[in-house]
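Following: one structure in structure tokens, then a few remarks.
The values are calculated or read from the model by the stated rules, or taken from the named source; none is laboratory data. Every value quoted in this text rests on a predicted model; they were computed, and no experiment measured them. Methodologically, a virtual Cβ is constructed for each residue, glycine included, from the backbone with ideal geometry; neighbour enumeration extends over all protein chains shown. When the accessible area is computed, the model is the full protein with side chains, heavy atoms only, and any ligands, DNA or RNA have been set aside. Shrake-Rupley method; radii C 1.70, N 1.55, O 1.52, S 1.80 Å.
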Amino acid sequence: MSASLLRKGLELLEGSTASASRPKGTATTPQPKKQLLTRKNRKVASRRSRDTATVKGKVTKSVLEEYQKLQDVDHFQENLQYMMNSPFVTDSAITQKVLAQNRGRKARDHLEEEVKKKKPEGTVFTDEDFQKFEKEYFAGAVSPY
């Protein structure tokens, strides 16, 4: 066993024996708490307060409140009312420029470009030109075909 578990067990045992050994019928005069705590009891009390897991300033919150905070809030109606009641009206040309700029930014707005089929490129030279070139280059060598 660890030392802290032994200490806690002894503290519980001391607390239960002290309450059982005290006579029940005797009347005690109430004393202030500071006078009741002896040096040993102060150490025990300080250990107990130190062992409790508390965080200063930590407030427990309900899970429902946390969930509602994380949910998106729809401000559409508020924004629409603001826009409708606004005295400033933008020029239609400016509105069209803004819409044109924002249109096509997402991948779903781009249409797939059709892949153009490449036509096989033909040569400019004919077979006669090749034969003529062979005769001039090879100086009369006989071609196998």
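Quick notes
- Heavy-atom accessible area for Asp109, with the other protein chains in place and a 1.4 Å probe, reaches approximately 70 Å².
- Accessible area (Å², 1.4 Å probe, nearest 10) - Lys135: 140 Å²
- Phi angles of region 3-13 translate, via the Karplus equation with coefficients 6.51, -1.76, 1.60 and θ = phi - 60°, into HN-Hα couplings of 5, 5, 5, 5, 4, 5, x, 5, 5, 5, 5 Hz per residue; Gly and Pro are given as x.
- When Arg103, Arg42, Arg108 are compared by accessible area at a 1.4 angstrom probe, the order from most to least is Arg108, Arg103, Arg42.
- By a 1.4 Å probe calculation restricted to protein chains, Thr60 has an accessible surface near 130 Å², given to the nearest 10.
- Nitroxide proxy distance, nm - points 7 Å out along Cα→Cβ at Phe88 and Lys119: 5.7 nm
- The slack in the chain from Asn79 to Lys8, taken as 0.36 nm per residue of separation less the alpha-carbon distance, amounts to 19.5 nm.
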